[in-house]
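**Student:** Structure provided below as structure tokens; questions to follow.
The values are calculated or read from the model by the stated rules, or taken from the named source; none is laboratory data. The model shown is predicted, which means the values in this text are computed figures rather than measured ones. Quick reminder, even Gly has a Cβ in these numbers, built from the backbone with ideal geometry, and neighbours come from all protein chains shown.
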Amino acid sequence: MQYRLRNLIMGILASFLWGCAGIQSPLATVSYVDLERFMGDWYVIASIPTFVEKGAHNAVEKYALNADGSIQTTFIFRKNSFDGERKEHNPTGYVLNTETNAEWGMQFIWPIKADYRIVYLADDYSKTIIGRNDRDYVWIMARTPVIQEEQYAALRQMVDDMGYDLSKLLKVPQQW
């Protein structure tokens, strides 16, 4: 009996420790986002895509600030090619941290708000990285559909430094 109890306790402890090993520290955000400046069009340069985004071409995320402080989001892309089927998704963003404006909940389906964090933002608001605490999805975006390769390499390195699996990071084809 004691042997079984000891094995049960050891098994529970091992499961607990194994589960904790996968927990990462919260993903740090930028210190402040001027929401008015952040609004507008952002071209997706690269991402670890969600199932919805796989095969996206000419992907653009558009933000507009609503009167109630929520953010109307329009995500548009072509599926699997530049002349593929046009897809559009319209989640609503909610600023969860009003001191920084860098932590949002992105709601595709009520009442679930997905983690959405502005983890990098260029001083001139020309480039950004959006991440999630789980390090499962990430988006490198810019105000232009193409950025210099050196800039992309630097942003990619930031994503790596945040603990993402770079083997999953894919460039999004842009052709305008």
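**Student:** Given the conditions (1) in contact (Cβ under 8 Å) with a residue 24 or more places away in the chain; (2) among the polar types (S, T, N, Q); (3) over 19 Å from VAL60 (Cα atoms), report the number of the one that SER167 does not fulfil.
**Tutor:** Single failed check for SER167: (1).
**Student:** Does at least one position in segment 11-33 carry a residue that is of a type in the set (A, V, I, L, M, F, W, C), surrounded by 15 or more Cβ atoms within 10 Å (Cβ to Cβ) and at pLDDT 95 or above?
**Tutor:** Yes, some residue in segment 11-33 is of a type in the set (A, V, I, L, M, F, W, C), surrounded by 15 or more Cβ atoms within 10 Å (Cβ to Cβ) and at pLDDT 95 or above.
**Student:** Which one of these does GLY69 not meet: (1) free of Cβ contacts under 8 Å to residues at least 24 places away in the same chain; (2) exposed (fewer than 15 other Cβ atoms within 10 Å of the Cβ)?
**Tutor:** (1)
**Student:** Of all residues being assigned to a helix (DSSP H, G or I) and free of Cβ contacts under 8 Å to residues at least 60 places away in the same chain in segment 119-158, which is farthest from VAL30 (Cα to Cα)? Just the residue, please.
**Tutor:** Of everything passing the filter in segment 119-158, GLU149 is farthest from VAL30 (Cα to Cα).
**Student:** Against the condition crowded, with 18+ Cβ neighbours inside 10 Å, in a helix (DSSP H, G or I) and more than 13 Å from the chain's Cα centre (by Cα), how does ARG78 come out, does it pass?
**Tutor:** It is false that ARG78 is crowded, with 18+ Cβ neighbours inside 10 Å, in a helix (DSSP H, G or I) and more than 13 Å from the chain's Cα centre (by Cα).
**Student:** So, of the residues in segment 96-118 that are assigned to a strand (DSSP E or B), surrounded by fewer than 19 Cβ atoms within 10 Å (Cβ to Cβ) and of a type in the set (A, V, I, L, M, F, W, C), which turns out to be modelled with the highest pLDDT?
**Tutor:** MET106
**Student:** While we're looking at this one, here's another question. Is at least one residue of segment 136-146 among the charged types (D, E, K, R), within 28 Å of LEU65 (Cα to Cα) and surrounded by 14 or more Cβ atoms within 10 Å (Cβ to Cβ)?
**Tutor:** Yes - at least one qualifying residue is present in segment 136-146.
**Student:** Take the residues in segment 47-62 that are surrounded by 21 or more Cβ atoms within 10 Å (Cβ to Cβ) and among the hydrophobic types (A, V, I, L, M, F, W, C), then tell me which one is farthest from GLN174 (Cα to Cα).
**Tutor:** Looking at the filtered set, the residue picked out is ILE48.
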